[in-house]
Amino acid sequence: MACKLHRVRYYNPKPEPINCVSFNKANKTLAVARSDASIEIWDLNYAPYLVKLIPGAENASVEALGWVNDRLLSTGLGGALLEWDVNTLSVKNTVILTGYAAWCLDVDPNNTLIAVGTEQGYINLYSVEYDDIVYKKLFDKQEGRIMCCKFDKTGKVLVTGSINTIRVWNVETGHATCRISVSRRGNEMIVWCLAVLSDNVVVSGDSQGRLTFWDSVLGDQIESYTTHKSNILSIVVSDDEKNLYCSGVDPVIMNFVKVSKGSGKITGAQWVKNVQRNIHEHQVRALVLNGDKLISVGADGYLTLSSYPPKWVMRIPPMIPAVRSAVSGKNKLLLLRYSNHLEVWKLGTYGTNENGNVIITDVQSQQNVDKENDNTHLEQDTAILDYKKGNKSSGTQKLKITDKPVKLISVKSKKNKQIVSCALSPDGQFVAYSTDSDVRMLKLETEDESNISLTKMLISGLSSMCDRMVFSEDSQTLLVHSRGELKVLHVDAQAGATVVQIIPTDKYLKSKTALHLHVCEKTRSNVRYVVLSDSAGGVAVWRAGCAAGGAARARKYDHHATLPAYRCVPAALTVDTANETLIIAYVDQKLVEYDLLNKKFSEWGSAAQSALPAQWAARRTAVASVCAHPAADKLVFQDETSLWIMNKKPTNNNEEPSVKKKFNKNDSSMNLKIIPIKYLAGFHWIGDDEAVTLEILPENIVSQLPPAFVTKRHNMG
C-alpha cells in the first residue's frame, strides 16, 4: 500500500557539545553533561537508551560529574558542589566551595570521599557517606587553577594537574608528597587530564599533545610520546591496565598497550603505540570504557561508541530528547520542539489531477537514497547495511507540491528556560509545554493564515514540572505526569484547563520519572486506555469510558493492570486499538503484546520474536517509537536510522520455521521491511495513507558545529 509521506527536513535544532561524562560501572549508567548545563542519564546495559533528562539553567555550567554509588554529583563555574535527585530530576544538596569556580572532581574507589579542584588552587575534600555531603578538609593551597584530579586505586593518594605542575597528595594529611614540573624549555604547559595506575605510575596529557608517564614517588619521567598535534583532553585506562586511550583537540583516538620487556630475572613493562582511529572530526573532551566498548564525546555532541578489533562504530546524534514533535492530522499541523522554543508549521499540500489522483513529478531510485545517506568522511556507522543493499524496492515517487510548508508561530519559553515536554491537541487548537518551573497552555487560531492569534490559557491545579504530557483524541483532556503523579485536566477553550483527577503512581510504579505516556483513541469496546511507563521499567495501565457511571464516570480513569517487571526498560509502546492490545518494544529488542481485555500476554509476541530475522536482535540501537498502521494489520517501528514495517500476520502460515534456514533478504515470510533514513527524529500518521517523518540531515548538524581541527590524513585508521 502506497503512502503519501511528508519528509520534514527544516527541523534543525542546535547540536549541544558535551562537556563531560561520568560512568557508573556498577549499573552501567552514563551521565552526560552538555554545554547548556543539561544532564542526560543513559542506560548502557543493552542498547544505549536515554532514560532521564535534568534540564539546564541559563548561565549555568557543568564542568565535571561523578557517581557515588547511585548518587549523582556535579560541579562547575558556579562555585558549588551539587547533588542531584535522579528520581525527581531536581537539586537535592548544594555545598558552596572554597575557591570559586571548579573545573574538576573525582570520587575515590570506596565511594566515601570526593575531591573538587577549584580556580584559586584549593582542593576541597568531602565525605559522602550515609547519604550526606560533609566537609572534611582543605588541602594546602597551590598557585594557579586545578584543571584535573584523580584518586589512585587505594583512595589514599590524590594526583592533581595544573599549569606546569603535577602534584601528588596524601589524602589523610592534605599535604603534597611530590611535585612534578612538566614545563619544557620554559614553555607554559597545561596538564588537562590524568590517570593513576596501580604501580604508582601517573599518566598525564598536556597542551603540547604529549602523553607522559611519571614515577609518582620520585617525580621522574619514565617515558613520553608526542601523540597529538594539540591539547590532549582525556585519558582512560582499562580495568586490567593493559590498554590506554587518549584524545583531545586533535580528535585522533590513540591506543597504547602494555607489553612485557626484558628476559631472565630482569623484566619490566612498557607502553607502546598500538592503533589510532579517526572517528571524530571535532575535539574529543571525554573518554570512558564500558567493557570492550570505548565511549568518546566532545564538541560534535555525538555519543560515539566504538571498538577495535573488530572495527565497529556507532554514533548517537545530538538530538533534543523525546518527545520532539506532535501532529494535528485534522489541520495538517506539526509542532516542533527546540531547546527553549516551539514552532508550529502548516504542512505542505500535494497537487491532484482531475480524477483526484496525486500528481507525480519524479522517481528517486533506491540507489540514490543509499547514496544520499552515505558518509565517506569517517569510519562508517554500523547500521543495517545488509538491509540497505538487500532492499529491492522500486524507489520513491516525488509528488507535486502546490502549497509549501509554512511556519505559523514560534513560541519562546518563559525566562528562556529549557523545555522539558510539550503537546499539540489533535484538533490543532491547543499547545502545551513545561519547563522545570512552569506549565503553560496556549490557544491557537489558524483558520486565517494571514491573522494567526495566540492566546494564553489559565491552568488550575498544576504548578510543578511535567516530564510527559499528551492530549486525548477529542482534545478535551490533557494528561500529564509530574513527579510520581498522573494528573488529568479537563480542557475548555473559554475556561482553560483544570485538574479533575490526580492519580498517585507509587502504588504501581517505582520511579517518579516517566519514560512513556500514551493515551489511545477509543477502542471498539468504547474504552480509552492510558499507559504510563517509568524510568525503572514498570508499565501500568488505566482505563476510562465505562458508560455505566454516567458522563462524569466516563471521564475518570481507573487502574486497569500493571505488567510484570522485565529486566530492562521499554524503549517504545503503543496501544493497537483495532485489536485492543498493548505493544511494547524493550531496549534489548524484545517484543511483547499484552491483551488488555483479558489481562494477559498474547501468543503473537513470542511468535513474532521467533519469526524475526537475527538482524533484529543484533541491532545496536533501541526502538524510538512504535505505532499501529491505521489501515492495515501492521506495526511501524522507528529508530534513529530507519523505519521497520512489520506485518502482524505471517505471509506464509504453513511454513515451519527452521533454525538452520539461512536468512534471505527478499523472503516475504520474514514480514519485515526496512526503510533507511538518517537521522530520523520522529514519525507520525496524519491519515490512513499519509504520514510525516522528521529528519535531521547529518550535514545540517555539521554545519552548526565550530570549525574542526585540520590535519592531513594519510591513513583513515
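Some points to look at:
- Candidate aspartates and glutamates for bridging to Lys522, where Cα separation is under 12 Å - those fewer than 8 sequence places away on the same chain excluded: Glu473, Asp474, Asp576, Glu580
- Computed from point charges on the beta carbon alone (+1 for Lys and Arg, -1 for Asp and Glu), the dipole magnitude for the chain about its Cα centre is near 680 Debye.
- Solvent accessible area, Å² - His684, 1.4 Å probe, full protein context: 40 Å²
- Debye, to nearest 20: dipole size of the range 433-562, +1 on Lys, Arg Cβ, -1 on Asp, Glu Cβ: 680 debye
- The accessible area of Val203, taken with all protein chains in place and a 1.4 Å probe, comes to roughly 0 Å².
- Checking every one of the trypsin sites (Lys or Arg not before Pro) in the range 563-605 against DSSP loop status and a limit of 15 other Cβ atoms within 10 Å picks out Arg567, Lys599.
- For the range 204-363: rounded, prolate or oblate by the Cα gyration tensor [a/c cutoff 1.5]: prolate
- Rounded if a/c under 1.5, otherwise prolate or oblate - the range 267-341, Cα gyration tensor axes: prolate
- Of all DSSP-defined beta bridges confined to the range 435-501, some 90% are antiparallel rather than parallel.
- Sequence-ordered 3J(HN,Hα) estimates for the range 88-103 from the Karplus curve with 6.51, -1.76 and 1.60 and θ = phi - 60° stand at 9, 6, 9, 6, 9, 9, 10, 10, 6, 8, 8, x, 6, 4, 10, 10 Hz, glycine and proline given as x.
- Neighbourhood net charge (9 Å Cβ-Cβ; Lys/Arg +1, Asp/Glu -1) for Asn290: +2
- Extension reserve of the Asn357-Ala495 stretch, reckoned as 0.36 nm per residue once the Cα distance is removed: 45.4 nm
- Proximal charge balance of Ile459 [Cβ under 10 Å; K/R count +1, D/E count -1]: +1
- Charging the Cβ of each Asp and Glu at -1 and of each Lys and Arg at +1, and nothing else, the dipole of the range 52-155 about its Cα centre rounds to 100 debye.
- Rounded Å value of the spacing that divides the Cα centres of the range 9-55 and the range 63-126: 18 Å
- Cβ-based charge dipole, the chain, positive-most Cα from Ser610, Leu582, Leu303: Ser610
- Per residue accessible area of the chain, 1.4 Å probe, in Å²: 45 Å²
- Cα-based Kirkwood hydrodynamic radius, the range 1-137, one decimal, Å: 16.2 Å
- Surface composition of the range 545-635: carbon plus sulfur atoms contribute 52% of the solvent-accessible area (1.4 Å probe, protein chains only, all chains present).
- List Glu58, Glu241, Glu63, ordered by accessible area with a 1.4 Å probe, largest first: Glu58, Glu63, Glu241
- Around Thr349: net Lys/Arg minus Asp/Glu count, Cβ-Cβ under 13 Å: +2
- The range 57-177 - percent of accessible surface contributed by carbon and sulfur, probe 1.4 Å: 48 percent
- Dividing the mean sequence gap of close Cα pairs (under 8 Å, 6+ apart) by how many residues the range 34-119 holds gives a relative contact order of 20 percent.
- Computed over the alpha-carbon atoms, the chain gives an Rg to Rh ratio of 0.99, Rh here being the Kirkwood radius from the mean inverse distance.
- Using a cut-off of 27 Å between Cα atoms, the listed pairs Lys293/Lys507; Lys229/Lys417; Lys487/Lys507; Lys92/Lys136 include Lys293/Lys507; Lys229/Lys417 as exceeding that distance.
- Extension gain, Asn200-Lys400: 0.36 nm per intervening residue step, less the Cα-Cα distance, totals 65.0 nm.
- Pairwise Cα distances in the range 397-531 exceed 25 Å in 33 percent of cases.
- Counted residue by residue at 0.36 nm each, then reduced by the alpha carbon distance between them, the extension gain from Asp220 to Leu458 reaches 78.8 nm.
- Fraction of beta bridges assigned by DSSP in the chain that are antiparallel (%, nearest 5): 95 percent
- For Met465, solvent-accessible area (1.4 Å; no DNA, RNA or ligand), Å²: 10 Å²
The values are calculated or read from the model by the stated rules, or taken from the named source; none is laboratory data. As the structure is a prediction and not an experimental result, all values here were calculated from the model. Because the Cβ atoms are built from the backbone with ideal geometry, glycine has one as well, and the counts that use them run over all protein chains shown. Keep in mind that these areas ignore ligands, DNA and RNA; they rest on the heavy atoms of the full protein, side chains included. Shrake-Rupley method; radii C 1.70, N 1.55, O 1.52, S 1.80 Å.
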